[in-house]
Every structure is written in C-alpha cells, then in structure tokens.
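Quick notes on the structure that follows.
The values are calculated or read from the model by the stated rules, or taken from the named source; none is laboratory data. Keep in mind that this is a model prediction, so the values were computed, not measured. Cβ atoms come from the backbone with ideal geometry, glycine included; neighbour counts cover every protein chain shown. All accessible areas refer to the heavy atoms of the entire protein, side chains included, with ligands and DNA or RNA removed. Shrake-Rupley method; radii C 1.70, N 1.55, O 1.52, S 1.80 Å.
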Amino acid sequence: MKKSITTLAMTLLISLSANAQKVAFEEYDLSNGMHVILHQDKSAPIVTTAVMYHVGAKDEQPDRTGMAHFFEHLLFEGTKNIKKGDWFKIVSSNGGKNNANTTDDRTYYYEIFPSNNLELGLWMESERLLHPVINQGGVDTQNEVVKEEKRMRVDNQPYGKFLENVKKNMFKKHPYKGTTIGKMKHLDDATLEEFLAFNKKFYVPNNATLVVAGDIDIKKTKKMVKDYFSTIPRGAEIKRTVIKEDPITTQINAKAYDANIQIPAVINAYRTPSMKTREARVLDMISTYLSDGKSSILYKKLVDTKKLALQVGAFSFSQEDYGTYIVYGLPLGETSLADLTKEIDEEIVKIQTNLISEKAYQKLQNKFENEFVNSNSSVEGIANSLARYNVLYGDTDLINTEIDIFRSITREEIRTAAKKYLNPNQRLVLEYLPKKK
C-alpha cells in the first residue's frame with residue numbers, strides 16, 4: 001500500500017511539473033542582431049529586465065585577464081544620461097534591486113522593478129549598451145573595487161584558491177586555465193584604449209540577449225524594446241574559436257598551499273565534455289548520487305559511518321566548451337589524503353561496475369524534478385534561465401525540455417559515463433595543503 005501511494009505521488013509530481021511548470025515565452029531578433037525573449041507572468045506586479053552578453057573570461061587576451069569581470073563593475077559607473085554613482089540610487093528609489101555576475105562564458109546584468117517601472121529598466125539597460133562612460137577615473141575606481149573583492153573572496157578566504165589551482169593544472173591551452181577575476185597586474189597594465197576596445201567588441205546588440213519577464217503587456221513591451229534598442233548600432237561580428245585540449249592519459253599529481261587553512265584537502269578532478277552534451281547531464285546525476293545530502297553515498301560512508309572525513313563532495317563544474325568533474329574530501333583525524341582518495345575511488349568503481357539501485361535512481365529523478373520546479377518558481381529565476389539557455393545552449397526552450405533529458409537518462413548511461421570519464425589515468429589529484437605563515 002505504501003509503495004502504491006509513493007508511486008501515485010511521483011506520477012502526480014511528474015504530471016504537474018510537465019504541465020503547470022511550462023514556461024511560455026516569445027523570442028525574436030531586432031534588426032541590429034539583439035535577441036529578445038519575452039515572458040508574461042501576471043501573478044505578481046513585478047518585472048525583470050535582464051541582458052546577457054556572450055562574453056566571459058575565456059574571451060580575454062592571455063595578458064589581459066579579468067577584463068570581463070572588470071566590465072561587470074565598470075558598466076555600473078554611469079552613462080551619458082546617468083551620473084556617476086547614480087545607477088543604484090535610481091534603482092532603489094524606484095522600488096527595485098539589481099545586480100550582475102560574470103563567468104568564464106557570459107556576463108549577466110539584471111534589474112527587478114515593480115511592473116509600472118518596466119520602461120525605466122529598459123531605458124537603463126539601453127543606456128548601458130549605448131552610452132557607457134568609460135574613462136580613466138572610472139577605471140581607477142573599479143580597479144580598487146575589484147582588488148578588494150579579490151582579497152575578500154579569494155586571497156583571504158579559506159580554500160579560496162582551490163578552483164584556481166584545479167583549472168591551471170587541468171587546462172594547458174584553453175582559456176579556462178585562468179580565473180574569472182583574473183590577474184590584478186593585467187588590469188593595472190591595461191590602457192584606457194584597451195578597455196574601450198573591449199567594450200566596442202563585446203558589448204554590442206548582436207552579442208546580447210535581452211529578457212523581459214513578469215507582469216507585462218506583450219504588445220506594449222515590444223514597442224518599448226524597439227524604441228530603446230533597435231537604433232543601437234550593430235557591432236562587428238565576433239569570431240570564436242574553441243581551443244582544443246589534448247586528452248589527459250596519465251594521472252596529474254600536484255600540490256597547492258593556502259595560508260588560510262589548517263585542514264588539508266584532496267581534490268580529484270576530471271576533464272569532461274561541454275555542458276550542452278547529454279553526457280554532462282549524466283555526470284550531474286552521478287555527482288548528485290555521490291554527495292547530495294547526508295544520505296548520499298560518500299557522506300554516509302566517509303563522514304557518518306567510517307568517520308574518515310570532515311567533509312566530502314562531488315560536483316560537475318559544467319561550462320560551455322569543457323566541464324570539470326570534481327570530487328573532494330577533507331580528512332578527519334589521522335586519515336591521509338591518499339586513504340581518502342582510495343575510499344572515494346571504491347565508490348566510483350562501484351558505479352562503473354554495477355547499475356545503481358532502482359531506489360537510488362528514483363531518488364535522483366525526484367531530486368532533479370524538484371530542482372526543475374524550483375528553478376522556474378520565480379520570475380527572476382525564469383529570466384536567468386531563459387537568457388542562459390539561449391546564449392550558452394542555443395535553445396531557449398530547454399527551460400521546458402531539459403528535464404525530459406534527465407528523465408530519459410538510464411542507469412546504464414550512468415554506468416557508461418562513469419567508466420568513460422572517471423578513471424585515475426584521466427585526472428588531476430591535487431593535494432591542497434596548509435601553508436605556514
């Protein structure tokens with residue numbers, strides 16, 4: 001009886017998520033190449049205006065890293081019609097909030113306003129695109145802001161440089177070998193002309209996707225979008241070349257030191273395919289199986305039962321060109337890093353050798369269903385997803401259909417992906433150790 005009730009509940013959940021959660025949207029291009037996505041949701045009187053630019057750390061010159069992240073800050077400095085320092089004042093005084101973030105692959109700006117301020121949000125984003133003020137004073141100001149951010153989030157943060165050290169060992173050719181925040185010397189050495197050239201190349205309508213989501217009238221919104229964005233000149237076409245890495249065929253052993261930690265860590269990292277691939281999604285399921293929650297395989301074994309680790313985890317760091325699959329552990333007591341790796345490897349071998357149980361597989365499906373529902377539960381989240389799926393995946397409707405990919409992944413595919421990508425001769429083993437001050 002209990003099993004029947006559980007099965008019924010799951011059937012209802014899948015049915016509800018397949019229907020009630022469908023996100024309706026309309027998309028089109030302006031004559032200058034800007035892609036526009038509109039989503040109407042009248043459940044609350046709010047609206048999100050967002051622009052995602054297809055530029056990130058991987059688009060920078062090797063001796064000018066950090067430029068994309070720097071522009072995340074710089075393009076809040078002001079415009080021809082927004083005085084320096086007024087951007088955030090305008091947003092907050094009109095009942096809104098705003099932010100931006102940068103990855104190796106894209107940069108994302110957004111505002112959330114009461115819906116009667118939709119036009120204000122559109123005007124501000126058009127100002128950022130058409131009339132940014134980029135001068136030496138603004139560059140100098142934001143240079144100090146970025147340096148402080150690096151000190152706070154990276155240099156003085158325990159384990160703050162673990163990903164930096166993973167990336168530089170995993171990638172020898174591809175720009176993913178660097179960090180999003182970049183090197184401060186590169187920003188110090190950059191001239192104003194270089195900042196202006198970076199803006200001219202990447203912050204153009206044909207490298208941008210505009211999303212308007214929330215309590216909107218579609219017809220009126222289209223007119224406002226046309227009025228504010230259609231006359232912005234198209235930029236030169238951006239030529240992109242994906243730099244190919246040689247396969248990893250022998251285990252890479254490396255060490256890194258951190259003065260902010262007392263407990264060492266071991267990090268095992270594997271290079272994996274683009275996040276657009278089906279296999280990347282299979283690897284997402286494997287990481288969830290291994291380490292999502294206190295009932296997960298690695299936590300139960302190493303933290304709860306054997307008490308060999310303070311913390312253990314796995315995650316698939318998926319990106320546009322490549323992914324990095326990371327498994328890590330912090331030892332407890334006298335446990336060595338080598339012993340921790342051995343224990344983790346045993347669980348990976350089990351996945352490579354045997355099918356995970358039906359119960360574990362159903363638990364995975366439940367988790368991904370829940371994540372899917374939650375990701376589409378707010379206008380802000382929907383706007384982000386619409387932009388991301390369009391810019392990085394080239395398929396906006398994945399906001400509705402990606403869950404079907406996860407549903408269709410089989411236990412056999414989980415075993416096959418683990419056998420293909422998670423082998424000792426294909427990985428980096430990084431010992432992340434305390435540094436004596």
Review point. Taking a probe of 1.4 Å, how large is the accessible area per residue of the stretch 217-269, in Å²?
Key: 67
Exercise for review: Give me the Kirkwood hydrodynamic radius of the stretch 166-318, using the inverse of the mean 1/r over all pairs of distinct Cα atoms, in Å to one decimal.
Suggested key: 20.9
Review point. Kirkwood-based Rg over Rh for the stretch 235-299 (C-alpha set), two decimals?
Key: 1.09
Practice item. Could you give the C-alpha radius of gyration of the stretch 171-222 expressed as a fraction of 2.2 N^0.38 Å, taking N as the number of residues it contains? Key: 1.81
Point to revise | Accessible-area order (highest first, 1.4 angstrom probe) of the listed residues Val145, Val373, Val225 | key: Val145, Val373, Val225
Study note, to complete from the structure: Probe 1.4 Å, all chains present, heavy atoms only: Leu364 accessible area in Å², nearest 10, is 10
Review point. Projected area of the stretch 55-158, taken from the Cα convex hull and averaged over every viewing direction, in nm²?
Key: 7.7
Check your understanding: How many percent of all Cα-Cα pairs in the stretch 375-416 sit more than 16 Å apart?
Key -> 46
Practice item. Please work out the Kirkwood hydrodynamic radius for the stretch 322-427, using every pair of different C-alpha atoms, and report it in angstroms with one decimal place. Key: 16.6
Review point. Dividing the convex hull volume of the alpha carbon atoms of the stretch 251-378 by its residue count, what do you get in Å³ per residue?
Key: 151
Check your understanding: Given the pairs Lys168/Lys350; Lys22/Lys42; Lys255/Lys420; Lys58/Lys276, which are separated by over 21 angstrom at their Cα positions?
Key -> Lys168/Lys350; Lys255/Lys420
Check your understanding: Just for the Cα atoms in the stretch 293-363, what are the lengths along the principal axes, largest first, rounded to whole Å?
Key -> 38, 32, 22
Practice item. Please report, as a whole percent, how much of the solvent-accessible surface of the chain comes from carbon and sulfur atoms (probe radius 1.4 Å). Key: 54
Practice item. State the Kirkwood hydrodynamic radius of the stretch 280-322 in Å, one decimal place, computed from all pairs of distinct Cα atoms. Key: 10.9
Revision key, fill the gap. With N residues in the stretch 94-144, Rg(alpha-carbon) / (2.2 N^0.38 Å) equals 1.36
Practice item. Find the eigenvalues of the gyration tensor of the Cα atoms of the stretch 125-227, then list the square roots of 5 times those eigenvalues as equivalent ellipsoid semi-axes, largest first, in whole angstrom. Key: 33, 20, 15
Practice item. Could you work out the longest stretch of the chain that avoids the GluC sites (Glu not before Pro) located in DSSP loops with at most 12 other Cβ atoms within 10 Å? Key: 1-236
Practice item. Work out the charge dipole of the chain with +1 on the Cβ of Lys and Arg and -1 on the Cβ of Asp and Glu about the Cα centre, then indicate which of Thr353, Met285, Tyr159 is farthest towards its positive end. Key: Thr353
Exercise for review: Starting from the eigenvalues of the Cα gyration tensor, five times each then square-rooted, give me the equivalent ellipsoid semi-axes of the chain, largest first, whole Å.
Suggested key: 39, 30, 19
Check your understanding: When all C-alpha to C-alpha distances in the stretch 198-250 are sorted into bins of 5 Å, what percent of pairs does each bin hold, rounded to whole numbers?
Key -> 4, 13, 18, 15, 12, 10, 9, 7, 5, 4, 3, 1
